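Working notes for the structure below.
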Amino acid sequence: MYVASFYRFVKIEEVVRVRDFVVDLCTRCRVQGTFTVANEGINAALAHPNLRVLETIVEQIKARLALKVLRPTFSRADLDTLPFDKLLVRIRPEIVSYDTPFDFTLPALPKVTSVQWNDLLRATDTVVLDVRNQYEHDLGRFRNSIQPQTKNFREFKNFLHQQSEIDYDQPVAIYCTGGIRCEKAAQSMFKLGFKSVVQLDRGILGYLEENAEDSLWEGECFVFDQRVALNESLMEGVAELCLACGGPVTSNDKNHPHFEHGISCSACHQDLTPSTRARRSERLRQLYLASMRENNRSVEHKVSLEGLPV
């Protein structure tokens with residue numbers, strides 16, 4: 001199974017027509033995943049077993065929107081993993097939630113290649129800033145990068161207004177999963193007066209696709225689908241989701257004294273009260289019962305086919 005991840009900030013007036021076009025195109029090709037369209041652009045992660053099908057889908061979307069450039073990153077899923085249960089195409093106010101629309105009047109954000117990014121990481125005068133969420137940073141990060149302990153991307157604006165660690169004249173290099181969050185983060189930084197901000201082109205995923213030989217990435221990269229995380233080869237990693245809070249859990253996290261399957265992990269244990277424990281225990285019981293019913297249906301289905309001609 002292959003996954004194509006891509007976005008583009010571009011003015012779109014006929015969002016309903018774009019949505020209907022993508023729904024028809026992906027349905028006919030049996031593509032699953034998510035596709036968000038807004039007046040400010042598109043953001044997508046689409047999956048299919050055939051790489052050529054995904055490449056064709058991207059090209060047709062590019063042609064429909066008359067885009068000169070649309071650069072997807074292709075990653076893989078294990079044979080027994082379906083990254084998405086269905087196709088979800090939606091119209092939203094923003095293609096990434098930031099409560100601030102993209103400003104097309106601002107100058108284009110400077111982007112650097114993976115090779116240039118490595119040079120920046122090795123430079124002592126550059127601040128490397130991760131604009132993702134804290135739980136994503138904990139799972140994997142670039143060396144010596146900092147994260148403002150945000151729980152969601154909307155909190156990044158508050159960090160910029162309150163922080164005093166980064167001087168406005170200091171060179172700053174920012175990164176995120178695929179690049180989309182950096183586009184809006186950089187606009188906020190520009191408006192606040194930061195003099196030198198550059199973005200890793202196509203984000204972590206693009207970096208790992210291009211830079212396998214000299215990678216400065218550490219850990220796994222969290223992705224917002226059922227694979228949970230990707231390793232340096234853009235294959236499915238070992239991290240899983242905590243059934244209690246939905247955050248990533250590594251093998252080491254499972255050995256933490258605060259980890260209890262379906263009840264808590266080290267990140268959400270402090271929120272555990274007797275009432276939340278009871279709710280999570282009941283949810284875990286319901287999930288178990290649903291799994292048993294599904295297994296029984298599979299067995300019944302197999303038995304009912306016995307003796308029938310092939």
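Those residues that are more than 25 Å from Gln226 (Cβ to Cβ) and of a type outside the set (A, V, I, L, M), I need them from the stretch 1-23; list them, please. Phe9, Lys11, Glu13, Glu14, Arg17, Asp20, Phe21, listed by residue number. Would you pick out the residues in the stretch 264-293 that are over 25 Å from Gly219 (Cα atoms) and part of a loop (DSSP other than H, G, I, E, B)? Answer for the stretch 264-293, where residues must be over 25 Å from Gly219 (Cα atoms) and part of a loop (DSSP other than H, G, I, E, B): Leu272, Thr273. The C-beta contact set for the stretch 134-157 (first residue touching a residue at least 40 places away in the same chain (Cβ under 8 Å) and closer than 22 Å to Ala239 by Cα, second residue open to solvent by 20 Å² or more (accessible area, probe 1.4 Å) and acidic (Asp, Glu), distance under 8 angstrom, 6+ apart or interchain) comprises Leu139/Glu220; Gly140/Glu218; Gly140/Glu220; Arg141/Glu218; Phe142/Glu218; Arg143/Glu218. Give just the number: which of (1) in contact with a helix residue (DSSP H, G or I) (Cβ under 6 Å, 6 or more places away or on another chain); (2) under 17 Å from Ser5 (Cα atoms); (3) not aromatic (Phe, Trp, Tyr) does Arg64 not satisfy? The failed condition is (2). Of the helices (runs of 4 or more DSSP H) lying entirely inside the stretch 144-240, the ones with 2 or more residues being buried (at least 22 other Cβ atoms within 10 Å of the Cβ) are found at 180-192, 203-210.
The set of residues in the stretch 44-57 being of a type outside the set (Ser, Thr, Tyr) and either farther than 19 Å from Arg90 by Cβ or in contact with an Asp or Glu (Cβ under 9 Å, 6 or more places away or on another chain) (or both) consists of Ala45, Ala47, His48, Pro49, Asn50, Leu51, Arg52, Val53, Leu54, Glu55. Within the stretch 47-68, is even one residue closer than 17 Å to Gly179 by Cα and either of a type in the set (Ser, Thr, Tyr) or modelled with pLDDT of 95 or more (or both)? Checked against the condition, which is being closer than 17 Å to Gly179 by Cα and either of a type in the set (Ser, Thr, Tyr) or modelled with pLDDT of 95 or more (or both), the stretch 47-68 yields no hits at all. The residue of the stretch 118-128 that is most open to solvent (accessible area, probe 1.4 Å), among those that are within 23 Å of the chain's Cα centre (by Cα) and farther than 16 Å from Ala185 by Cβ, is Leu121.
Yes/no matrix, rows are residues, columns are (1) touching a strand residue (DSSP E or B) at 6+ places or on another chain (Cβ under 8 Å); (2) within 21 Å of Phe102 (Cα to Cα); (3) hydrophobic (A, V, I, L, M, F, W, C):
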site	(1), (2), (3)
Gly41	yes, yes, no
Leu46	yes, no, yes
Arg52	no, no, no
Glu59	no, no, no
Ala66	no, yes, yes
Arg76	yes, no, no
Thr81	yes, no, no
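The values are calculated or read from the model by the stated rules, or taken from the named source; none is laboratory data. As the structure is a computational prediction, the values presented were derived from the model and not from experiment. Positions of Cβ are backbone-derived with ideal geometry, glycine not excepted, and every protein chain shown enters the neighbour counts. The area values use the complete protein model at the heavy-atom level, side chains included, leaving out ligands, DNA and RNA. Shrake-Rupley method; radii C 1.70, N 1.55, O 1.52, S 1.80 Å.
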